[in-house]
Amino acid sequence: MIILALETSCDETAAAVIRDGRHILSNVVASQMKRHSQYGGVIPELAARMHAEKIDPVVRIALEQADISLNKVDLIAGTTGPGLEGALLVGACAAKTLAHCNGKPFVSVNHLYGHIYASFLENDPPSFPFICLIVSGGHSLLLLVRDHFNIELLGQTRDDAAGEAFDKVARYLDLGYPGGPRVEAQAKHGNASRFRFPRAMLKEGYEFSFSGLKTAVIQTVQQLEKENEGASHAAVNDICASFQSAVVDVLAYKTLKACTDYGVSQLVVSGGVACNGLLREAFSAACRDRNIALAIPRPELCTDNAAMIAAAAYYHYQTLGPSPLTTTVNPAMAL
Ligand code: KG4
Ligand code: ZN
């Protein structure tokens with residue numbers, strides 16, 4: 001089965017073609033990051049307009065790279081939420097129009113399912129049941145995935161998402177957008193034990209909170225400014241390293257506790273923050289010690305892309321069939 005999927009929920013215009021839910025024939029991502037970085041974050045109106053400009057060429061390139069014509073595609077999928085409404089509308093409308101005009105079934109995909117199913121595109125797909133941590137710019141979710149589309153939400157963030165915390169700290173330190181990769185780059189040269197930032201709610205269930213950590217970073221910078229060290233490179237590097245290690249500590253502790261509590265020996269970590277090198281190392285080491293099988297997709301499948309939407313659509317179609325063309329976008333779509 002050949003699936004063409006479109007993804008425009010935030011600031012990436014993406015289209016991908018995959019075969020049999022597993023084999024990526026093409027995975028094209030046109031990132032708007034450069035434009036948005038001028039403003040320090042994503043501007044929703046600009047995102048929608050840029051998706052409208054890019055969606056047609058991106059779909060054409062995805063088909064060309066897959067060396068497939070539209071009439072060979074069996075199913076067309078599009079992200080319908082959660083995300084920015086205007087941005088979602090572009091990809092969802094394009095996917096429904098392509099499906100309708102070519103007489104193909106349409107599948108509406110929840111972006112969060114996409115992050116989960118990114119792990120099914122790798123050589124060793126996860127086995128059920130598994131614990132899944134999704135850490136992105138908009139979400140920090142801890143899930144118990146019993147089977148396809150049988151998911152229990154164990155916990156989520158009470159305030160900022162993990163990626164959002166990286167982005168806000170980077171903005172405060174004038175490092176630019178997106179914050180995650182910038183903070184990680186600075187942290188490589190820093191001392192992670194110089195500042196002891198809070199590990200919030202560590203012993204309190206599966207919920208996360210990152211806004212106190214962000215405030216602690218701001219207070220530290222203000223203190224350093226008083227001591228005339230605020231803008232020094234060394235101080236910024238040490239703050240980034242200490243901040244990054246606080247985020248990774250909390251994510252790893254709670255996620256591995258969930259594996260133990262539920263007696264689950266398979267873990268999936270996905271979403272943009274799962275590109276982080278320290279996070280990948282920390283989870284690998286902890287899972288090795290505990291005999292837990294770990295699936296973290298390669299970085300280009302962790303950040304937003306359409307191959308993961310196609311993978312989710314494949315299993316959605318097998319389990320639940322097609323979605324009606326009357327399906328509309330929902331910026332606050334839950335799992
Ligand atoms: O999954 P994603 O591409 O988009 C959303 O669905 O939000 O995630 C983007 C987020 C941004 O907040 C970005 O700063 C973060 O992922 N991110 C990282 C890294 N690369 C991207 N965070 C930490 N370390 C990284 N290397
Ligand atoms: Zn995402």
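Here Q219, Q186, Q244, Q156 are screened, and the one residue that is more than 27 Å from D304 (Cα to Cα) and not hydroxyl-bearing (S, T, Y) is Q219. Applying a threshold of 8 Å to beta carbon distances and a minimum spacing of six or more residues, or different chains, the list of pairs starting in region 312-335 at a residue that is more than 21 Å from I2 (Cβ to Cβ) and ending at one that is of a type in the set (A, V, I, L, M, F, W, C) and part of a loop (DSSP other than H, G, I, E, B) reads P331/L84.
For H36, the conditions (1) surrounded by 17 or more Cβ atoms within 10 Å (Cβ to Cβ); (2) closer than 24 Å to A312 by Cβ; (3) touching a residue at least 60 places away in the same chain (Cβ under 8 Å) all hold with the exception of (2). Among the residues of this structure, L112 counts as one that is open to solvent by less than 40 Å² (accessible area, probe 1.4 Å) and under 16 Å from P331 (Cβ atoms). Among residues of region 13-31 being in contact with a strand residue (DSSP E or B) (Cβ under 8 Å, 6 or more places away or on another chain) and surrounded by fewer than 22 Cβ atoms within 10 Å (Cβ to Cβ), the one that is farthest from P57 (Cα to Cα) is G21. Evaluating A185 against the criteria (1) within 13 Å of ligand 1 (Cβ to nearest atom); (2) among the hydrophobic types (A, V, I, L, M, F, W, C); (3) open to solvent by less than 30 Å² (accessible area, probe 1.4 Å) leaves one unmet condition, (3). Among the candidates V169, V248, the residue that is outside any loop (DSSP other than H, G, I, E, B), in contact (Cβ under 8 Å) with a residue 40 or more places away in the chain and not hydroxyl-bearing (S, T, Y) is uniquely V169. If you check R298, R288 for being open to solvent by 40 Å² or more (accessible area, probe 1.4 Å) and touching a residue at least 24 places away in the same chain (Cβ under 8 Å), only one passes: R298. So which residues in region 251-272 are outside any helix (DSSP H, G or I) and either open to solvent by less than 50 Å² (accessible area, probe 1.4 Å) or at pLDDT below 95 (or both)? Residues satisfying the conditions are V264, Q266, L267, V268, V269, S270, G271.
Name the residues in region 172-196 that are more than 16 Å from ligand 2 (Cβ to nearest atom), closer than 23 Å to H36 by Cα and outside any loop (DSSP other than H, G, I, E, B), would you? Those that are more than 16 Å from ligand 2 (Cβ to nearest atom), closer than 23 Å to H36 by Cα and outside any loop (DSSP other than H, G, I, E, B): Y172, R182, V183, E184, A185, Q186. The set of residues in region 17-33 being touching a residue at least 60 places away in the same chain (Cβ under 8 Å) and either more than 14 Å from ligand 2 (Cβ to nearest atom) or over 19 Å from S119 (Cβ atoms) (or both) consists of V17, I18, D20, G21, R22, I24, N27, V28, M33. Could you check, for region 101-112, whether at least one of its residues is without any contact (Cβ under 8 Å) to a residue 60 or more places away in the chain and closer than 30 Å to G176 by Cβ? No - not one qualifying residue is present in region 101-112.
Going by the structure shown, is I55 away from ligand 1 (no atom under 15 Å from the Cβ) and in contact with a Gly (Cβ under 7 Å, 6 or more places away or on another chain)? So I55 passes the test. If you check H100, H51, H139 for being within 16 Å of ligand 2 (Cβ to nearest atom) and surrounded by fewer than 24 Cβ atoms within 10 Å (Cβ to Cβ), only one passes: H139.
The values are calculated or read from the model by the stated rules, or taken from the named source; none is laboratory data. These numbers come from a predicted model, not from an experiment. As a convention, Cβ positions derive from the backbone with ideal geometry for all residues, glycine included, and neighbour counts pool all protein chains shown. Each accessible area value is taken on the protein alone, full model and side chains, heavy atoms only, with ligands, DNA and RNA left out. Shrake-Rupley method; radii C 1.70, N 1.55, O 1.52, S 1.80 Å.
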